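Colleague: The structure is given below, and queries will be raised subsequently.
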Amino acid sequence: MLFRSKAPEKDKNAAANAAEVIGRMVQQQHSVVEQVAASPPVPKAGTGSCIGSGMSIVGNIECKGQAQVFGRIEGELRASDLLIGDGAQVEGSVIAQDVTVCGRVKGTIRAVRVKLQDGGAVEGDIFHGSLSIDENSLFEGSSRRVENPTDSPSVDAKGPQQEDMQSSALAPYLHRVEPSASTEWSESTVEPKH
């Protein structure tokens, strides 16, 4: 006697149903992957800031992390790592841990590490821990290696005080020019033409 069971048919139906369910799941996952790939990546909060080439800002800027500047800024700029890109213009003080200048800065830079690269130009003083200047870059001003360049300046920005000038090695050569007592023209020295 042969005993025939309907179990294989159930197994076939179960297998077909499982294949259909798996197929739907794969399609849904594929759809989700396409949606994620199509959307632009979202930067993590606090990873960096960028001032684009079409942007101009007047005022002080403070960035806790990295910053990239490609536009124009008038004011004080603070960041941990700062890139002043090609075409960027900064007019004001720059304070950061690392500064790379590929654009133009007109003002004082205070940073632990300063690099002038790719034709970068600085017109002003640089207080630094280390300074490197590429041969195509321009620097007009003074540089001073200091222990903590990002700290507030201890010397008055107006220049050396009178006591500093007197204690200087150049003190014998420095003297104040007093205006002469008589700055008026006398009528006898100027004769009108007839």
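Colleague: Would you say Q68 is of a type outside the set (D, E) and surrounded by fewer than 17 Cβ atoms within 10 Å (Cβ to Cβ)?
Modeller: No.
Colleague: I'd like the residue in the range 99-132 that is open to solvent by 40 Å² or more (accessible area, probe 1.4 Å) and hydroxyl-bearing (S, T, Y) and, out of all such residues, is farthest from F70 (Cα to Cα).
Modeller: S130
Colleague: Take the conditions over 14 Å from the mean Cα position of the chain (by Cα) and at pLDDT below 90 and apply them to S188. Does it pass? Break it down into steps so the answer makes sense when it comes.
Modeller: Details: over 14 Å from the mean Cα position of the chain (by Cα): yes; at pLDDT below 90: yes.
When the stated conditions are applied, S188 passes them.
The values are calculated or read from the model by the stated rules, or taken from the named source; none is laboratory data. Keep in mind it's a predicted model, so treat the numbers as computed, not measured. Reconstructed Cβ throughout: ideal geometry from the backbone, glycine too, with neighbour counts over all protein chains shown. Quick note on the areas: whole protein, heavy atoms, side chains included, nothing else; ligands and nucleic acids left out. Shrake-Rupley method; radii C 1.70, N 1.55, O 1.52, S 1.80 Å.
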